[in-house]
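Quick notes on the structure that follows.
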Amino acid sequence: MKTATTILLLLALCAVAQAQDKPADKLTLKLKSGEEFEGALKKATEDGVSIDLGDGLVLFVRWAFVRGDKHLDLRKQATDYTKLASVVKLADFCHENALDQEEAFVLAAGLRLEPANKVLRDRLAKLPRPEGLEIPGEPGKEPQPEPEPKPEPEQPKDPVPLPPPTRTTFKVYIEMVNEDAAALTWLTDEFNKMKYQIGTKADHEMHLKVTLDFTLTANPKFMGAELYAIYDGKLKYELFRKAEKKSFGTGNSESKQVRRDTKVEALNSCRKELLQDAFPAIHRDLEKQR
């Protein structure tokens, strides 16, 4: 009876979908409740892990229910070490599972991204210091002097060449075919990071046309409360030079079965997956026009 109740509870929290991905590694998922599930690993994200139980049944389990001492390496694989928020989530996972040494190393990795973060530094100070841990910006640690450069041999004097032309970026006008303020803001931020200018419909060099479509495929409710939501999404982009009707770059992205606890969270995650997938191709197409 206990096993059946546990399985029903997990199924209420997890997405059930048709397994469509390529074969994955076998995994025995150990839960804090003592239950174990065997299947093929499908995906590990910051929110949880999905395994294929066979017969088309996919089980999604949040990290809060998973034994951290058994699946720490799997949880690390789902972490983006270039983003502070992702690193902090991993540190919280270690803390919840009493993995003090691992938490210390993860917090140190976060300080490498943001050395002035007092919250991370205070958390780290409360933990026992494992051997070999290096803490960025630690007081009393003097940086090692750099070796003196060796003098270069004298070269024959030639006329000084002219410096290469300064590399410039394009001014891009972003058109959202289906109005989406969140997507427009995300694209604007990414272009700013790449030192691109954001143009207007009248003043631009390049025109990026983006079409986003989302489909809510599941949103069950229990006693008026959302159990979860699943979205599918598609993105199409086209790139044009100013005043030209023929595109010089096009591309498509697709994201399926993006599941979160609410419609808003699922939609936001689906949108972000599509944009993150498409932006590198957009950037490459623009760079080819130099």
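The values are calculated or read from the model by the stated rules, or taken from the named source; none is laboratory data. This structure is a prediction, so every number in the text was calculated from the model and none was measured. Positions of Cβ are backbone-derived with ideal geometry, glycine not excepted, and every protein chain shown enters the neighbour counts. SASA here: full protein model, heavy atoms, side chains in, ligands and nucleic acids out. Shrake-Rupley method; radii C 1.70, N 1.55, O 1.52, S 1.80 Å.
Would you confirm whether any residue within region 37-53 is part of a helix (DSSP H, G or I) and touching an Asp or Glu at 6+ places or on another chain (Cβ under 7 Å)? Break it down stepwise before answering.
Of all residues in region 37-53, those part of a helix (DSSP H, G or I) come to none.
Checked against the condition, which is being part of a helix (DSSP H, G or I) and touching an Asp or Glu at 6+ places or on another chain (Cβ under 7 Å), region 37-53 yields no hits at all.
The set of residues in region 86-102 that are among the acidic types (Asp, Glu) and touching a Leu at 6+ places or on another chain (Cβ under 6 Å) contains only Asp100. For Phe170, the conditions (1) modelled with pLDDT under 90; (2) farther than 30 Å from Arg62 by Cβ; (3) open to solvent by 40 Å² or more (accessible area, probe 1.4 Å) all hold with the exception of (3). The set of residues in region 257-290 that are touching a Gly at 6+ places or on another chain (Cβ under 9 Å) and surrounded by fewer than 17 Cβ atoms within 10 Å (Cβ to Cβ) comprises Ala281, Arg284, Lys288, Gln289. Scanning region 185-241 for residues that are of a type in the set (Phe, Trp, Tyr) and open to solvent by 80 Å² or more (accessible area, probe 1.4 Å) yields a single hit, Phe222. Touching a residue at least 12 places away in the same chain (Cβ under 8 Å) and in a helix (DSSP H, G or I): does that describe Leu274? Yes. If you take the residues in region 168-195 that are assigned to a loop (DSSP other than H, G, I, E, B) and touching a residue at least 40 places away in the same chain (Cβ under 8 Å), which one is nearest to Arg260 (Cα to Cα)? Ranking the qualifying residues of region 168-195, first place goes to Asp180.
Looking only at region 199-214, filter to residues that are over 29 Å from the mean Cα position of the chain (by Cα) and of a type in the set (Asp, Glu); which one of those is farthest from Glu238 (Cα to Cα)? Only one residue fits best here, namely Asp203.
Of the candidates Ala85, Ala98, Ala64, Ala40, the single residue that is of a type in the set (A, V, I, L, M) and more than 28 Å from Cys270 (Cα to Cα) is Ala98. Of the numbered criteria (1) modelled with pLDDT under 90; (2) loosely packed, with under 15 Cβ neighbours inside 10 Å; (3) within 23 Å of the chain's Cα centre (by Cα), the one Ala19 fails is (2). Scanning region 54-71 for residues that are part of a strand (DSSP E or B) and either touching a Phe, Trp or Tyr at 6+ places or on another chain (Cβ under 8 Å) or buried (at least 18 other Cβ atoms within 10 Å of the Cβ) (or both) turns up Val58, Leu59, Phe60, Val61, Val66. Against the criterion of being charged (D, E, K, R) and under 19 Å from Ser50 (Cβ atoms), Asp277 qualifies. Would you confirm, using the coordinates I've provided, whether Glu131 is acidic (Asp, Glu) and modelled with pLDDT of 90 or more? Taking the combined requirement at face value, the residue does not satisfy it.
One residue stands out among those in region 217-249 that are out of contact with any strand residue (DSSP E or B) (no Cβ under 9 Å at 6 or more places or on another chain) and assigned to a strand (DSSP E or B): the one that is modelled with the lowest pLDDT, which is Phe222.
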